[in-house]
Amino acid sequence: MGKDVIIACDFDSAEKTFAFLDKFTGRKPFVKIGMELYYAEGPSIVKEIKKRGHKIFLDLKLHDIPNTVKKSMAVLSRLDVDMTNLHAAGTKRMMEAAIEGLTRPDGTRPMLIAVTQLTSTDQEAMENDLLIKEPIDKVVMHYAHNAMEAGLDGVVCSPLEAGKVHDRCGKNFVTVTPGVRFADGDIGDQKRVMTPAEAKKIGSDYIVVGRPITAAEDPVAAYERCVAEFVD
Ligand code: C5P
């Protein structure tokens with residue numbers, strides 16, 4: 001499975017997205033389309049970016065009853081994305097239904113990745129709001145294992161967790177890790193960060209990088225720097 005840098009296109013319009021992507025005249029980066037852009041522009045933004053030759057991670061984090069998730073995944077799979085995701089908290093049955101929905105008539109399907117606990121949820125919120133009393137690390141690993149048992153390809157996790165996920169779920173279980181910053185860059189609102197080189201060392205399969213590239217003075221150079229540190 002290919003290691004790659006995924007650029008988080010956290011823009012609120014097609015116009016801003018294309019102004020950004022137009023800068024990439026050479027290699028076409030793998031891009032992540034999240035809720036903000038998808039809800040602003042709808043499926044056409046996925047088709048347009050795909051047509052330009054980019055791989056797409058559609059980050060919509062589905063979480064609903066199994067039947068609804070299955071039918072929604074069937075629609076997303078027709079958009080020909082390369083990777084999409086859901087919340088492991090929706091249960092194994094929901095994840096299995098998602099795989100069924102995502103699988104095309106010819107047997108192929110986009111990669112399916114689970115979100116375990118959001119990094120914005122800490123131990124206190126988990127205990128008080130969700131009434132989950134186990135240590136958060138244990139919950140994250142348990143959800144990752146559920147995702148593996150349901151047949152998913154991997155999880156979104158912090159680069160710091162990637163090694164542990166591989167230990168628990170095997171080397172081929174993919175880790176997609178946000179929270180990446182250059183050693184000399186701003187960390188912004190991210191709490192636990194790693195450089196692309198460190199993420200590579202610890203065994204992340206894909207890094208998701210937003211502002212260090214999108215807000216850089218020279219986004220193409222910042223992207224190439226990520227690739228040089230993480231992939232090459
Ligand atoms: O700009 P930045 O590099 O912080 O962007 C990281 C991207 O990864 C954003 O799209 C953010 O929503 C996403 N993400 C994250 N932490 C998670 C899950 C997703 O930062 N736990």
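Counting only residues 5 or more places away or on other chains, whose amide H sits under 5 Å from the amide H of residue 8 once H atoms are built in the peptide plane?
Here the answer is 32, 209, 210, since their amide H atoms fall under 5 Å of that of residue 8.
Would you grab the residues whose amide H sits under 5 Å from the one on residue 111? Only those 5+ places off in sequence or on another chain, please, with H modelled 1.01 Å from N.
83, 84
By the scheme Lys and Arg +1, Asp and Glu -1, what is the net charge of all other residues having a beta-carbon under 11 Å from that of residue 2?
-1
I'd like to compare 174-181, 23-30, 152-159: which one has the highest average count of other Cβ atoms within 10 Å, and what's the full order after that?
152-159, 174-181, 23-30
Which order do 187, 6 take when ranked by solvent-accessible area (1.4 Å probe, heavy atoms of all protein chains), largest first?
Result, largest first: 187, 6.
So what J values fall out for the range 181-186 if you push phi through Karplus, 6.51 cos²θ - 1.76 cosθ + 1.60 with θ = phi - 60°, rounded to Hz, Gly and Pro as x?
9, 6, 4, 9, x, 6
Mean residue ellipticity at 222 nm from the helices of the chain, using -39,500 (n - 2.57) per DSSP H segment of n ≥ 4 over the full residue count, to the nearest 500 deg cm²/dmol?
Result for the chain, helices only: -12500 deg cm²/dmol.
Per the Kirkwood formula on distinct C-alpha pairs, the Rh of the chain is how many angstrom?
18.1 Å
Have a look at 214, 5, 69 and report the one farthest towards the positive end of the charge dipole of the chain, computed about the Cα centre with Cβ charges (Lys/Arg +1, Asp/Glu -1).
69
Please give the per residue volume of the convex hull enclosing the alpha carbon atoms of the range 1-55, rounded to a whole number of Å³.
Taking only Cα atoms, the range 1-55 has a hull volume of 82 Å³ per residue.
The values are calculated or read from the model by the stated rules, or taken from the named source; none is laboratory data. Quick caveat, the model's predicted, so the values are computed rather than measured. Quick reminder, even Gly has a Cβ in these numbers, built from the backbone with ideal geometry, and neighbours come from all protein chains shown. Just the protein is used for accessible areas: all its heavy atoms, side chains included, with ligands, DNA and RNA removed. Shrake-Rupley method; radii C 1.70, N 1.55, O 1.52, S 1.80 Å.
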